[in-house]
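Q: For reference, the structure I am asking about is given below.
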Amino acid sequence: MSARPGLNVAVVMRRVRLANRWQPYRWELHEVVPHEEAFGSEPRRIFGDDHEERWLHPGYRVELYADDAEGYYLNATVDTPCWFVLWRMEEAATVAEEPIARPEVVTVSYHDAGRWLDAQENVEQVPAPAEVVAWFREFADAHYVPEPRRRKRPESFRRLEDRFGNPASVSTGKKYGGGEGGGGG
């Protein structure tokens with residue numbers, strides 16, 4: 001059995017100070033970079049000043065699955081193909097004085113990102129470099145088989161049904177009064 005195609009990456013999250021007394025800062029995805037051994041295995045602060053902090057989160061693997069080839073194809077064929085990152089806030093501080101944003105999963109699949117968004121998770125995206133896009137596009141081209149389009153029958157040929165799904169009929173003759181000699185006075 002061959003190994004699944006994948007890339008090792010690290011995620012940089014950014015904490016930006018806001019001019020808001022109720023919310024002093026917000027977390028956002030800054031970038032996804034190739035993983036390097038020198039990054040280690042634990043998150044660490046790599047930059048900080050009065051306006052922002054950046055935290056490096058090493059050790060993520062992006063793997064490609066043949067059954068999700070359509071998700072990669074959809075990402076590869078948009079104007080700006082991207083990385084999608086699902087992240088959550090820590091419940092309690094682990095490596096800093098306050099809880100930090102922690103990436104959970106990194107993907108290049110539109111389907112994965114859509115499912116996470118439907119579940120109301122924090123999902124952000126950043127542009128993917130051309131060589132990464134070429135990598136998952138090649139995989140999608142090899143594994144994605146578009147479903148054949150089904151011919152849609154014109155509405156005028158559809159069977160008429162009542163609201164209960166029973167066959168309905170239409171007549172052009174009048175059942176009750178009105179018209180010529182229809183008894184009015």
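Q: Restricting the search to the range 92-147, which residues are surrounded by 13 or more Cβ atoms within 10 Å (Cβ to Cβ), assigned to a helix (DSSP H, G or I) and either of a type in the set (Asp, Glu) or at positive phi (or both)?
A: Within the range 92-147, Asp112, Glu138 qualify.
Q: Name the residues in the range 47-62 that are in a strand (DSSP E or B) and surrounded by fewer than 13 Cβ atoms within 10 Å (Cβ to Cβ), would you?
A: Phe47, Gly48, Arg61 - these are the residues of the range 47-62 that are in a strand (DSSP E or B) and surrounded by fewer than 13 Cβ atoms within 10 Å (Cβ to Cβ).
Q: I'm trying to understand the selection: among the residues of the range 78-91, which are among the aliphatic types (A, V, I, L, M), in contact with a Pro (Cβ under 8 Å, 6 or more places away or on another chain) and open to solvent by 30 Å² or more (accessible area, probe 1.4 Å)?
A: Selection gives Met89 alone.
Q: Out of the range 11-32, which residues are surrounded by fewer than 16 Cβ atoms within 10 Å (Cβ to Cβ) and not acidic (Asp, Glu)?
A: Scanning the range 11-32 gives Val16, Arg17, Leu18, Ala19, Asn20, Arg21, Trp22, Gln23, Pro24, Tyr25, Arg26.
Q: Please go through the range 1-37 and give me each residue that is part of a loop (DSSP other than H, G, I, E, B) and farther than 21 Å from Ser109 by Cβ, ordered by number.
A: Met1, Leu18, Ala19, Asn20, Arg21, Trp22, Gln23, Pro24, Glu36
Q: Here's another thing I want to ask about it. Return yes or no: is Ala128 out of contact with any Gly (no Cβ under 6 Å at 6 or more places or on another chain), within 20 Å of Gly6 (Cα to Cα) and either hydrophobic (A, V, I, L, M, F, W, C) or touching a residue at least 60 places away in the same chain (Cβ under 8 Å) (or both)?
A: yes
Q: Can you run down the residue pairs with Cβ atoms below 6 Å, 6 or more apart or on separate chains, where the first is in the range 1-29 and under 19 Å from Glu53 (Cα atoms) and the partner is in a loop (DSSP other than H, G, I, E, B) and open to solvent by 60 Å² or more (accessible area, probe 1.4 Å)?
A: Final answer for the pair search is Arg17/His51.
Q: Quick one: Ala69 ticks every box in (1) within 20 Å of the chain's Cα centre (by Cα); (2) open to solvent by 90 Å² or more (accessible area, probe 1.4 Å); (3) over 15 Å from Val85 (Cβ atoms) except a single one, so which number is it?
A: Status for Ala69: all satisfied but (2).
Q: So is Asn75 at negative phi and in contact with a Pro (Cβ under 6 Å, 6 or more places away or on another chain) or not?
A: yes
Q: Looking at this structure, is Asn8 crowded, with 20+ Cβ neighbours inside 10 Å, closer than 29 Å to Ala140 by Cα, at pLDDT 95 or above and in contact with a strand residue (DSSP E or B) (Cβ under 8 Å, 6 or more places away or on another chain)?
A: No, not satisfied.
Q: Here's a check for you: in the range 136-178, which residue that is among the hydrophobic types (A, V, I, L, M, F, W, C) and within 30 Å of Ala3 (Cα to Cα) is modelled with the lowest pLDDT?
A: Selected residue: Val145.
The values are calculated or read from the model by the stated rules, or taken from the named source; none is laboratory data. Because the structure is a prediction, the values reported are computed rather than measured. Quick reminder, even Gly has a Cβ in these numbers, built from the backbone with ideal geometry, and neighbours come from all protein chains shown. To get the accessible areas, we keep the full protein, side chains included, count just its heavy atoms, and leave off ligands, DNA and RNA. Shrake-Rupley method; radii C 1.70, N 1.55, O 1.52, S 1.80 Å.
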